[in-house]
Amino acid sequence: MTTTDMPGTPESLEPLVPGPVDLAGYRLGVPQQAGALTMIPITGPAYPGIVPPRSGLKLTQVAGYGRVELRNGSPDGVAIVPLHIGYIQDAAQNHALCRSAFLAPGAAVMFEDACCVQESQGGYLTGRDQWFFVLPVELRARALELRGVHGYSKLWNDIGELNARYGLPRRGHLEQVLSRKRAVLTQFQSRLEPQPGQLGALFFIGGRFAGLELAPDPVYFAEVWMALVCFAYGAAAWHAEPPPAGAGGPGGSGAVPYEAADLASLRAELARDRAARAAEIAGWVAAVPAGDARLREEERYLGLRLSTVTGAELAGQIVTDGDRPVYASLFARAIA
């Protein structure tokens with residue numbers, strides 16, 4: 001897995017607007033690539049007063065399989081639960097949520113529609129650990145469809161199919177990917193680095209749109225960064241990795257050397273490569289699906305609205321204050 005910084009001119013995000021969400025004022029930064037995964041930073045205006053997910057949001061209990069309680073530990077800020085957040089502990093049945101939600105200051109919410117992600121494992125999660133992940137992108141559209149549906153085993157078949165595609169035993173055990181491949185997946189955390197002021201990102205896998213993540217502020221984004229880059233998108237990117245150079249097959253032939261005979265020619269060839277790469281990335285961004293997306297309001301907290309986004313190619317949830325986006329987790333319905 002290699003990492004590359006790719007020069008490019010920041011662009012407006014307005015062409016990416018799904019439905020009536022106004023993203024004017026947000027900007028794209030310099031793309032970074034690690035293997036099959038490309039991340040384009042998003043910067044823009046921060047929205048104050050939202051509790052970050054790792055330092056402020058706590059799992060307090062699992063009251064029966066498929067029933068997860070989270071608490072907002074802040075006395076004065078509302079928490080936005082990251083979409084499809086999940087928790088893993090040893091000797092316990094791991095769980096993930098199918099939806100986002102608001103938690104008022106100091107409040108606890110029992111998610112009755114959570115799903116178990118470790119078939120046939122007994123034991124309940126407790127408040128002792130707070131290591132969390134976000135569901136791999138291949139599972140997210142299905143998990144969103146299952147919001148409001150009670151049944152702790154409802155995602156096991158989909159997890160089994162994902163494992164089979166990855167060449168792993170066909171079981172409803174997500175830890176086969178998240179835990180046993182963690183050493184590989186966590187490399188994305190260091191090889192793709194958040195930039196100062198970054199509060200969101202576009203993710204592409206093999207040149208195809210995978211997801212758009214937007215946080216209220218850089219602190220929130222920094223706390224959810226590992227869960228997104230390593231697990232939500234890193235797992236699919238790891239699976240899409242080409243064979244190592246020299247291994248044969250796609251990607252196995254290695255880089256093509258420049259034919260430049262002097263420094264001036266080398267600089268010219270490098271400039272052409274950079275321009276071609278910038279044009280390629282611009283094409284990816286322009287192709288992000290958005291046109292048919294529809295919004296359905298799920299809940300409100302004061303002036304904040306949580307809505308579900310659905311479309312033929314795009315799904316996810318967003319939080320808005322009027323026309324202003326506060327949080328967004330939008331992803332491709334299908335990853336090749």
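The values are calculated or read from the model by the stated rules, or taken from the named source; none is laboratory data. Everything quoted here is computed from the prediction, not taken from an experiment. All Cβ positions, even for glycine, are placed from backbone atoms using ideal geometry, and neighbour counts span all protein chains on display. Note: accessible area is taken over every heavy atom of the protein model, side chains too, but ligands, DNA and RNA are not part of it. Shrake-Rupley method; radii C 1.70, N 1.55, O 1.52, S 1.80 Å.
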What are the residues in region 165-189 that are aromatic (Phe, Trp, Tyr) and in contact with a Lys or Arg (Cβ under 9 Å, 6 or more places away or on another chain), if any? TYR166
Give just the number: which of (1) modelled with pLDDT of 95 or more; (2) over 20 Å from TYR233 (Cβ atoms) does ARG67 not satisfy? (1)
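For (1) open to solvent by 10 Å² or more (accessible area, probe 1.4 Å); (2) in contact (Cβ under 8 Å) with a residue 60 or more places away in the chain; (3) touching an Asp or Glu at 6+ places or on another chain (Cβ under 9 Å), each residue gets a yes or a no:
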| residue | (1), (2), (3) |
| --- | --- |
| GLN61 | yes, yes, yes |
| TYR65 | yes, yes, no |
| ASP90 | yes, no, yes |
| ALA101 | no, yes, yes |
Just one of ASP5, ASP22 is in contact with an Asp or Glu (Cβ under 6 Å, 6 or more places away or on another chain), at pLDDT below 90, within 25 Å of ALA332 (Cβ to Cβ) and not β-branched (Val, Ile, Thr); which is it? ASP22
Pick from ALA227, ALA210, ALA143: which is over 19 Å from MET39 (Cβ atoms) and either open to solvent by less than 60 Å² (accessible area, probe 1.4 Å) or free of Cβ contacts under 8 Å to residues at least 60 places away in the same chain (or both)? ALA143
If we keep just the residues of region 288-336 that are among the aliphatic types (A, V, I, L, M) and in a loop (DSSP other than H, G, I, E, B), which is most open to solvent (accessible area, probe 1.4 Å)? LEU302
Can you list residue pairs whose Cβ atoms sit under 7 Å apart, with the first residue in region 149-170 being part of a helix (DSSP H, G or I) and the second being modelled with pLDDT of 95 or more? Count only pairs 6 or more apart in sequence or on different chains. ASP158/LEU139; ASP158/ARG142; ILE159/LEU139; LEU162/PRO136; LEU162/GLU138; LEU162/LEU139
